[in-house]
Amino acid sequence: MPRLFWKFFTTIWIILAATVAVIILIVNLLQAVPFARELELERRALVLNLAANVLAKDGEHAAGRFVLTSEETFPLGLTISKVAEPGACADAHGGDARTVVRDGVCYQISLPVQPVFIFQDLGPFMPWVAIFISSTISAAALARYLIRPVVHLRDGLSALAHGRFDVRIGDKMAGRRDEVTALSDDFDSTAARLQELQDAQQRLFHDVSHELRSPLSRLQAVVGVLRQSPAKLGAMLDRMDREVERLDVLVGELLTLARLTAGSGLRLKTQTLDVIDLLNEILGDAAFEAQARHVSITKSADGTFLAEVEGELIYRALENIVRNAVKYTAEHSQISVLCERTADLLRVCVVDQGPGVRRDELERIFQPFSRGNEAVPRGGYGLGLAITRQAIERHGGRVHASLPDTGGLAITLELPRKPTT
């Protein structure tokens with residue numbers, strides 16, 4: 001059973017048990033003196049009747065002695081007084097007074113009026129009053145216990161609806177350890193993720209605008225030169241072609257990154273491919289291009305690894321890490337590519353001999369438009385590693401960077417045989 005169920009069960013059981021215990025206690029207390037008021041009334045009536053009988057039979061002096069004796073035993077305030085002539089004497093045989101005619105004299109025997117308490121007749125109703133009070137308190141406590149986290153969650157959702165992604169409710173659960181706490185933790189994780197996505201989106205908009213501004217500014221400069229010197233048309237057209245090509249590459253990478261991000265919840269269009277064969281094809285092209293900088297590529301990528309992948313995404317992921325290595329490694333250096341296979345996993349490690357990055361930048365370089373601060377600018381927009389991570393994670397794998405002891409940068413890619421998402 002869930003913990004919340006047992007909490008509710010225990011709370012309600014304790015409340016009911018406490019209510020029954022209170023009822024039993026009150027009933028026992030009432031039964032200890034069940035007829036206290038009735039006994040008091042009978043005692044007063046007995047004293048009045050005895051006094052009246054003594055006065056009627058033995059006279060006023062005997063009645064006076066009886067009053068003194070009874071007041072010492074039961075101090076009720078009994079008094080005897082002469083009222084009127086017998087003819088004017090009204091009979092009184094009930095309540096707190098008696099009238100007696102003796103030797104032609106009318107005597108009145110009376111007791112002080114007993115004070116009436118507003119709650120003295122509520123004895124039979126006390127169990128029901130106790131049930132009402134205890135159930136009200138219990139219901140209020142239980143309602144507060146249940147409603148407080150719901151109120152916090154409602155306030156949190158309202159804040160999210162108004163764009164306040166920094167709201168958190170986990171610290172308002174007052175040390176609870178149940179499904180409600182798990183729900184608040186999920187809410188905080190969701191809010192944190194939304195805040196992260198919002199920050200990433202704003203940062204992406206800023207970076208895109210910055211990266212687009214540079215080639216557009218150069219194109220405007222080319223137009224200005226052409227207006228002043230039409231004779232430079234050929235050279236300026238070549239420059240315009242290069243800038244348009246850069247814009248095309250940037251837009252293409254942005255579209256790829258946007259498609260990966262937007263389609264993170266969609267199914268992959270997979271096909272069975274030999275990933276090692278695909279990697280060898282990429283390495284062949286990269287080795288040809290690396291000759292211009294006298295860079296060699298050593299590889300250990302033999303055998304086959306058939307996997308269910310979306311070919312275009314895996315090609316882009318592998319190509320990006322290889323081309324980054326070729327781009328940033330030092331001239332007359334060597335790039336090593338190592339493949340390790342298990343039954344269900346392929347691990348590819350690409351190590352260059354470039355300037356590398358600082359240790360605190362190992363994660364940042366996988367963000368869009370991010371490069372190492374010490375990296376030498378060699379073109380590109382800092383989108384390659386971001387695309388690689390998105391593509392590999394879509395297939396259930398992971399990508400991480402490390403700093404080899406020999407210097408440079410190592411990018412390790414792990415790809416499962418079948419996608420897990």
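No value in this document is a laboratory result; all are computed from the given coordinates. Owing to the predicted nature of the structure, the values given are computational and were not obtained by experimental measurement. So basically every Cβ, Gly included, is an ideal-geometry build from the backbone, and we count neighbours across all protein chains shown.
Before moving on, here are some points about what is shown:
- Where labels lie 7 Å past Cα in the beta-carbon direction, separation of LEU197 and ASP302 in nm: 4.7 nm
- Partners of LYS299 within straight-line reach, counting lysines whose Cα lies under 22 Å from its Cα and excluding those fewer than 8 residues away in the same chain: LYS327.
- By the Stokes-Einstein formula, at 1.306 mPa s and 10 °C, region 165-262 with its Kirkwood radius over alpha-carbon pairs has D equal to 91 µm²/s.
- Averaged over residues, the count of other Cβ atoms within 10 Å places the peptides 278-286, 356-364 in the sequence 278-286, 356-364, highest first.
- Stretched out straight at 0.36 nm per residue, the stretch from ALA21 to GLU331 would grow longer than its current Cα-Cα span by 102.7 nm.
- Cross-link reach list, aspartates and glutamates versus LYS269, counting only Cα pairs under 16 Å and skipping chain neighbours closer than eight places: GLU308, GLU310, GLU312, GLU393
- Order of LYS327, LYS82 - criterion: other Cβ atoms within 10 Å of each residue's Cβ, fewest first: LYS82, LYS327
- Other-chain or far-sequence residues with amide H under 5 Å of LEU383's (modelled H): PHE369
- Theoretical FRET efficiency, 1/(1+(r/R0)^6), r = Cβ-Cβ of ALA235 and ARG213, R0 22 Å, to 0.05: 0.45
- Here the convex hull built on the C-alpha positions of region 271-416 has a volume of 100 cubic angstrom per residue.
- In this rough spin-label picture, where each label sits 7 Å from Cα along the Cβ direction, the ASP405-SER81 distance is 11.8 nm.
- Nearest-0.05 FRET efficiency for ARG144 and THR73, computed from C-beta distance (R0 60 Å): 0.60
- Computed 3J(HN,Hα) for region 140-154, one whole-Hz value per residue from the Karplus formula 6.51 cos²θ - 1.76 cosθ + 1.60 where θ = phi - 60°, is 5, 5, 5, 5, 5, 4, 7, 7, 3, x, 5, 5, 4, 5, 5, glycine and proline marked x.
- Net length available on complete extension from GLU363 to ARG65 is 96.4 nm, with 0.36 nm assigned per residue and the Cα-Cα distance removed.
- Using Cβ point charges alone (K and R +1, D and E -1), the dipole size of region 271-416 about the Cα centre works out to roughly 500 debye.
- Of SER138, SER300, the sequence from fewest to most neighbouring Cβ atoms within 10 angstrom is SER300, SER138.
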